[in-house]
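Asker: There's a structure below that I have some questions on.
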């Protein structure tokens, strides 16, 4: 990844900048939204991170230490994906992650602890009543990087 950042630096126009946007390596929160508020918010138990996200974070840090780039600005933000039902949200997340997985890799089946978590999420959504939505809240980071001189 550091090599890719060096190549990007080489390809930038003079005075060009790189905007790096990627997730923060923290567990996403699953939420139930109803009546203008959040009725349930929790992370899936046993979340152990996404190795690709951790590696991307480390690569940016290494490129800054090696003075490939200089950090001009960094901000974090929340990115929410909504669904009308838990099933709709999980189906969407599964479909979208299929585009990012390497060929030949498969998702591991849910543990009993994870299944219990999603049952609780479903029950919370159901008890929130008509019009309630379910969401996953992921933390993102955007960095403005200028090539070092």
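The values are calculated or read from the model by the stated rules, or taken from the named source; none is laboratory data. Note that the structure is a prediction, hence the values are computed from the model and not measured. Positions of Cβ are backbone-derived with ideal geometry, glycine not excepted, and every protein chain shown enters the neighbour counts.
Asker: Kindly establish whether residue 122 is surrounded by 12 or more Cβ atoms within 10 Å (Cβ to Cβ), in contact (Cβ under 8 Å) with a residue 40 or more places away in the chain and touching a strand residue (DSSP E or B) at 6+ places or on another chain (Cβ under 9 Å).
Answerer: So residue 122 does not fit the description; no.
Asker: Out of 38, 26, report the one residue that is under 28 Å from residue 87 (Cα atoms) and assigned to a strand (DSSP E or B).
Answerer: 38
Asker: Kindly evaluate residue 97 against the criterion of being touching a helix residue (DSSP H, G or I) at 6+ places or on another chain (Cβ under 6 Å) and closer than 20 Å to residue 141 by Cα.
Answerer: Answer is no for this residue.
Asker: Among the residues of the range 22-54, what is the count of those that are exposed (fewer than 12 other Cβ atoms within 10 Å of the Cβ) and modelled with pLDDT of 90 or more?
Answerer: Final tally of qualifying residues: 3.
Asker: Going by the structure shown, is residue 64 under 30 Å from residue 3 (Cβ atoms) and either over 19 Å from the mean Cα position of the chain (by Cα) or exposed (fewer than 14 other Cβ atoms within 10 Å of the Cβ) (or both)?
Answerer: Spelling it out, residue 64 is indeed under 30 Å from residue 3 (Cβ atoms) and either over 19 Å from the mean Cα position of the chain (by Cα) or exposed (fewer than 14 other Cβ atoms within 10 Å of the Cβ) (or both).
Asker: Can you report the number of residues in the range 128-148 which are in contact (Cβ under 8 Å) with a residue 60 or more places away in the chain and surrounded by fewer than 15 Cβ atoms within 10 Å (Cβ to Cβ)?
Answerer: Result for the range 128-148: 5.
Asker: Something else: Kindly provide the set of residues from the range 5-21 that are under 17 Å from residue 59 (Cβ atoms), out of contact with any strand residue (DSSP E or B) (no Cβ under 8 Å at 6 or more places or on another chain) and loosely packed, with under 11 Cβ neighbours inside 10 Å, ordered by number.
Answerer: 7, 10, 11
Asker: I'd like to verify a number: residues in the range 40-86 that are without any contact (Cβ under 8 Å) to a residue 12 or more places away in the chain and more than 26 Å from residue 18 (Cα to Cα), how many?
Answerer: Residues meeting the conditions: 1.
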